[in-house]
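Visitor: To start, I am sharing the structure in question, which I have written as structure tokens.
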Amino acid sequence: MAPNDVELIRVYTADAGSIPSSVVLPITDDFDIIVEVEAGSAIFGSGTDFEVGVVVVDINAFNLIPTKNPAPAGYQVSPFNSDLDGPGSDWPTQKHSFKFQVANAVLVGRQNHMGIVYAYLKARHTDPDVSFGISVPFLLV
């Protein structure tokens with residue numbers, strides 16, 4: 001990784017509170033979306049602004065599945081008021097994982113539906129560095 005780059009390493013789904021990834025998720029339980037990211041040494045040390053976001057798609061219904069946090073539609077975890085390695089930083093180490101959660105309440109009626117997660121990482125306002133990731137499909141049971 002170059003010193004001035006940020007990279008979205010991977011995005012995956014998991015049972016709520018669990019570390020291993022899971023592609024079969026019960027609609028009776030919440031589930032997590034984990035976005036693993038990494039920042040180069042120079043950009044991390046500079047405290048630049050960043051944004052991480054996800055879009056969760058129900059492939060069968062062809063609509064979005066909202067996340068519980070941080071925004072109702074789940075599009076961004078840290079808008080451009082958060083810094084890498086700064087005071088109160090939401091990104092405390094060069095390699096970090098952000099967690100979004102999907103509530104079981106929004107999964108009603110989605111049994112046997114397939115889903116997929118699209119994620120992005122964006123750093124800097126001017127000349128932004130952007131990285132994308134796509135999860136493997138998952139099945140709601």
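Visitor: Consider region 14-69. How many of its residues are in contact (Cβ under 8 Å) with a residue 60 or more places away in the chain, hydrophobic (A, V, I, L, M, F, W, C) and more than 25 Å from Ala123 (Cβ to Cβ)?
Guide: 7
Visitor: Kindly provide the set of residues from region 1-50 that are part of a helix (DSSP H, G or I) and either buried (at least 20 other Cβ atoms within 10 Å of the Cβ) or not small (Gly, Ala, Ser) (or both), ordered by number.
Guide: As a first pass, look at region 1-50 and keep what is part of a helix (DSSP H, G or I): 41-46.
If the condition is that a residue be part of a helix (DSSP H, G or I) and either buried (at least 20 other Cβ atoms within 10 Å of the Cβ) or not small (Gly, Ala, Ser) (or both), then Ile43, Phe44 are the ones that fit.
Visitor: How about region 60-77: which of its residues are modelled with pLDDT under 80, out of contact with any Gly (no Cβ under 8 Å at 6 or more places or on another chain) and either within 16 Å of Ser46 (Cβ to Cβ) or not polar (S, T, N, Q) (or both)?
Guide: Pro70, Ala71, Pro72, Ala73 - these are the residues of region 60-77 that are modelled with pLDDT under 80, out of contact with any Gly (no Cβ under 8 Å at 6 or more places or on another chain) and either within 16 Å of Ser46 (Cβ to Cβ) or not polar (S, T, N, Q) (or both).
Visitor: Now for a different question. Filter region 98-141 down to the residues that are assigned to a loop (DSSP other than H, G, I, E, B), modelled with pLDDT under 95 and of a type in the set (S, T, N, Q) and list them by number.
Guide: Thr126
Visitor: Follow-up. Would you tally the residues in region 108-127 being within 20 Å of Ala39 (Cα to Cα) and surrounded by 15 or more Cβ atoms within 10 Å (Cβ to Cβ)?
Guide: Restricting attention to region 108-127, the residues satisfying the condition of being within 20 Å of Ala39 (Cα to Cα) are 118-127.
Pick out the ones that are also surrounded by 15 or more Cβ atoms within 10 Å (Cβ to Cβ) and you get 119-124.
Total meeting the criteria: 6.
Visitor: Here's another thing I want to ask about it. Could you tell me whether any residue of region 53-60 is under 15 Å from the mean Cα position of the chain (by Cα), in a strand (DSSP E or B) and over 23 Å from Gln111 (Cβ atoms)?
Guide: yes
Visitor: Take Ala14 and tell me if it is at pLDDT below 90 and either touching a Phe, Trp or Tyr at 6+ places or on another chain (Cβ under 7 Å) or of a type outside the set (D, E, K, R) (or both).
Guide: Considered against the rule, which asks whether it is at pLDDT below 90 and either touching a Phe, Trp or Tyr at 6+ places or on another chain (Cβ under 7 Å) or of a type outside the set (D, E, K, R) (or both), Ala14 comes out as no.
The values are calculated or read from the model by the stated rules, or taken from the named source; none is laboratory data. Predicted, not measured: the structure shown is a model, and the values here were computed from it. Positions of Cβ are generated from backbone atoms using ideal geometry, with glycine treated the same way; all protein chains shown enter the neighbour counts.
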